[in-house]
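Take a look at the structure below.
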Amino acid sequence: MADNYLGRKMEEYFSRGDSDRQPRASHTLSRLLLRNRSCRGYDASFKVREDQLRRIIGVNTLTASARNRQALRFRPVLADEAAKVLPYIRMGGALPELHLPLPGTEPNAFIVVCTTVSPDDDLFIDLGISAQSMLLQAVEIGLNGLCIRAFDRDAIKRSLALTCEPLMVIAVGRGIERIETVEIGADESHAYYRRDGRHYVPKVRLDELIIR
């Protein structure tokens with residue numbers, strides 16, 4: 001093309017600062033939140049890598065912390081150690097008849113979130129911020145996850161030789177479930193359920209969350 005039009009346009013594009021670039025539609029916060037569903041079934045053939053877990057844990061160098069104590073610590077668990085965690089976690093408490101995870105869909109990577117201080121209200125605020133941030137990062141890089149608080153703390157502490165107290169186990173992997181949110185009223189059942197192979201998560205509609 002005359003005057004190297006395309007070449008000049010490419011140079012202009014690559015010379016622009018990040019502030020001039022719009023975020024990809026798939027990575028907007030709303031879309032990440034929508035995709036960030038609690039996943040209880042995973043592709044067992046997919047192995048999460050160490051660098052992926054490090055990237056997920058890395059968000060904690062940027063997140064808020066009450067009184068800036070930064071008392072959370074993180075133990076990555078890859079496939080070679082998954083057997084040290086799997087027997088001691090419980091998933092899908094609202095669907096006990098399914099005995100989740102189904103055979104062959106177990107997660108094979110985890111992040112065990114621990115604390116260096118005695119738990120208090122501030123620490124659990126930090127835990128919520130940390131867990132949500134890590135799961136959003138997992139979704140951004142094409143993975144899925146699940147926060148697990150139903151687990152045998154003493155067994156996992158022994159199994160992984162932890163020197164600090166475990167608070168939560170986060171499963172990480174490539175999800176295979178079909179999950180949808182369902183709008184409900186505040187007085188309707190909040191229990192998640194499954195129908196025709198799909199997992200449904202009730203969420204209270206916005207107008208009923210706002211105090212007037």
Here is a check on your reading of the model: is A138 surrounded by fewer than 12 Cβ atoms within 10 Å (Cβ to Cβ) and either at pLDDT 95 or above or part of a strand (DSSP E or B) (or both)? no
Residues (buried (at least 20 other Cβ atoms within 10 Å of the Cβ) and β-branched (V, I, T)) located in the stretch 115-135: T115
Just checking, does the stretch 101-112 include any residue being assigned by TED's automatic domain parsing to the domain that holds T163, out of contact with any strand residue (DSSP E or B) (no Cβ under 9 Å at 6 or more places or on another chain) and touching a residue at least 60 places away in the same chain (Cβ under 8 Å)? yes
Please list, ordered by first then second residue, the pairs with beta carbon atoms under 8 Å, 6 or more apart or interchain, first in the stretch 185-197 and closer than 19 Å to R37 by Cβ, second part of a loop (DSSP other than H, G, I, E, B) and not acidic (D, E). A191/A94; Y192/A94; Y192/L95; Y193/A94; Y193/L95; R194/L95; G197/R178
Before we move on, is E183 out of contact with any Lys or Arg (no Cβ under 8 Å at 6 or more places or on another chain), modelled with pLDDT of 95 or more and not assigned by TED's automatic domain parsing to the domain that holds D120? no
Residues of the stretch 131-186 being β-branched (V, I, T) and under 25 Å from L206 (Cβ atoms), in sequence order, are V139, I179, T181, V182, I184
Tell me, please, whether a residue that is loosely packed, with under 15 Cβ neighbours inside 10 Å, under 24 Å from L95 (Cα atoms) and in contact (Cβ under 8 Å) with a residue 40 or more places away in the chain can be found in the stretch 164-173. no
Residue list for the stretch 60-94, restricted to those being of a type in the set (S, T, Y) and within 29 Å of E106 (Cβ to Cβ): T63, Y88
Note on K157: of the conditions (1) surrounded by fewer than 14 Cβ atoms within 10 Å (Cβ to Cβ); (2) without any contact (Cβ under 8 Å) to a residue 12 or more places away in the chain, unmet is (1)
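The values are calculated or read from the model by the stated rules, or taken from the named source; none is laboratory data. Being a predicted model, the structure only gives us computed values, none of them experimental. With ideal geometry, Cβ positions are generated from the backbone for all residues, glycine too; neighbour counts draw on all protein chains shown.
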